[in-house]
Amino acid sequence: MMDILRKSIINMDLSNFYQNKDCQKILNILNHTNETSRIVGGYVRNYLRNIETKDIDIATKLNPDQVIELLSKEKIKVVPTGLSHGTVSAFISDQIFEITTLRKDSNHDGRRADVEFTDDWEVDASRRDFTINALYMNYNGEIYDPFDGISDLNNGVVKFIGDPEKRIKEDYLRILRYYRFLSIYNSSIDNKTRKLIQKNADKIINLSSERVHQEFFKILSNDNSGKIINLMKEDGILDLIFSSSVNLKTYDRIIDIDNELFFDQDILIKFSSLVPDKIQKIEDLKCFAFSNKEKKIIDLLIDPNNEIKSYQSVKEVRAILYNFGIDNFTKLTRLYWAKDKKISNISQWRALLAMGQSWKAPKFPISAKDILLLGVPEGPLVGEILSEVEDWWIESDFIDDKASLFERIKAIVGAKI
């Protein structure tokens, strides 16, 4: 296959591309003697669809040491983020450029491959997953399109390069990536590819939890994820990665509620709606690698002790708001609204959300100093008493009477000392 540069679109508007001075600078430096480097993948794909993209990946014939040397000479910060794969990251202003040496992958085990550097664009393109991801753009805005990816892009087709089964077996994460791109382009799956995915689906659980987590959350972040999540359920993927049968009724209802109330879609609510009821601890979700922030919120959402009901009293709602905060209260309300089998409770759920927005939690008026002034010695007992008083204050619906609070403190202190 010849290294043919094709114009992507006749009279293509390159003004935004040329306005990215940092990108132009990187390409100028790397292409100092001849054309060794081109933009590749997502930036090119999105540029052709007039979608602004901040992240820019660059493919180059230069090896990582050469890239580091050239950029460092120009005072550009370079970090060797993935040398084993030929990748370094360059930092200019607020942009990050991932620069990867052209390579050939071999000895695949379904998760990783041995890497051999090359200077052949066709070889590098052939190792990639989909035709729409094997698009390269040079400094002049011309496109190298060896597998007719532009045509597939224009037609919303997600197609593996070469033999689909071979591509899948090289890296089983490509199954999830396939679903993600179907979601992005609202594409239909062809039956041949679908059968291959179903045949190899069980290999996904052998992938690292970090990779599965990252790819699955990218699927959830797409506004068109509903259709694809249902497809993944039909193909057996969801039940595999959640280690139990997934019910999609709550998930589908979440999408409807968010659209109805113009909520921004919340990935963690969407994820939690998929978690089977039998799983009540995040540790049981072995296929995912959650950040501490994600763990905290998902644990809160899937804990049945935190269930919110449509008929929750004002006093109960205030207690939940005080304990969890408005953001978490809203997440819980949206989730349990979606779980509610009684569709006619819409007005009650709306009222709960409105109540959360209208009430501001008061500050607890007692401190450790107040406890110490009553003669309680410093130590763990102070915290215990403070916690009991706060629980009583919440239970009394945040009584605005400091005298009553001190009477309660005295009663607790008298019982403990």
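Tabulated results
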| item | result |
| --- | --- |
| Efficiency of FRET from Cβ geometry, Asp202 and Ser244, R₀ 22 Å, rounded to 0.05 | 0.90 |
| Inverse mean reciprocal Cα-Cα distance (Kirkwood Rh) of the range 307-358, Å | 10.8 Å |
| Under 19 Å from the Cα of Lys416 - lysines, other chains or at least 8 residues apart | Lys369 |
| Charge-dipole axis of the chain as Lys and Arg at +1 and Asp and Glu at -1 on Cβ define it, positive-most pick from Ile267, Thr87, Gly226 | Gly226 |
| Dipole of the range 172-303, positive end: most advanced residue of Tyr178, Pro276, Phe217 [Cβ charges, Cα centre] | Tyr178 |
| Fewest-first sequence of Met137, Met355 by Cβ atoms within 10 Å of each Cβ | Met355, Met137 |
| With at most 12 neighbouring Cβ atoms within 10 Å, loop chymotrypsin sites (Phe, Trp or Tyr not before Pro) (DSSP) excluded, longest segment of the chain | 1-261 |
| Contour minus Cα-Cα distance for Leu372 and Asn28 (0.36 nm per residue) | 117.0 nm |
| For the range 288-388, size of Cβ-based charge dipole, Lys and Arg +1, Asp and Glu -1, in debye | 620 debye |
| Evaluated over the range 336-394, the Cα radius of gyration and Dmax, each in Å | 19.3, 56 |
| Simple spin-label estimate for Glu316 and Lys166 in nanometres, 7 Å along Cα-Cβ | 6.1 nm |
| Net charge contributed by nearby residues that have their C-beta within less than 12 Å of Asn200 (K/R +1, D/E -1) | +3 |
| Subset of Lys218/Lys339; Lys203/Lys342; Lys286/Lys339; Lys159/Lys281; Lys166/Lys293; Lys293/Lys360 violating a 29 Å alpha-carbon distance limit | Lys203/Lys342; Lys159/Lys281; Lys166/Lys293 |
| Under 15 Å from the Gln66 label point (7 Å along Cα→beta-carbon), backbone N, the range 38-57 | 38 |
| Rounded, prolate or oblate (a/c below 1.5 giving rounded, otherwise prolate when a/b exceeds b/c) for the range 150-284 by Cα gyration tensor | oblate |
| Which of Ser347, Val317, Thr333, positive extreme of dipole for the range 307-358 (C-beta unit charges) | Ser347 |
| Ranking of Ile51, Ile326, Ile26 by count of other Cβ atoms within 10 Å, fewest first | Ile51, Ile326, Ile26 |
| Within the range 333-380: Cβ-based charge dipole about Cα centre, in debye rounded to nearest 20 (Lys, Arg +1; Asp, Glu -1) | 440 debye |
| Length added when fully stretched, Ser106-Asn140, from 0.36 nm per residue minus Cα-Cα | 9.0 nm |
| Additional length obtainable on full extension of the chain from Lys341 to Lys54, 0.36 nm per residue less Cα span | 99.1 nm |
| Long-range tail of P(r) for the range 1-158 (Cα pairs > 23 Å, %) | 36 percent |
| Exposure proxy order (Cβ contacts within 10 Å, fewest to most) of Val275, Val314, Val123 | Val314, Val123, Val275 |
| Rounded Å value of the spacing that divides the Cα centres of the range 275-348 and the range 133-161 | 43 Å |
| Dipole in debye (nearest 20) - the range 368-416, about Cα centre, beta carbon charges: Lys, Arg +1; Asp, Glu -1 | 280 debye |
| Label-point separation, Phe262 to Asn224 (7 Å along Cα→Cβ), nm | 2.5 nm |
| Gyration tensor verdict on the range 270-417 (Cα atoms; rounded if a/c is under 1.5, prolate if a/b is larger than b/c, oblate otherwise) | oblate |
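Only the coordinates and a few stated rules stand behind these numbers; no lab work does. Just so it is clear, the model here is predicted, and its values are computed rather than measured. Positions of Cβ are generated from backbone atoms using ideal geometry, with glycine treated the same way; all protein chains shown enter the neighbour counts.
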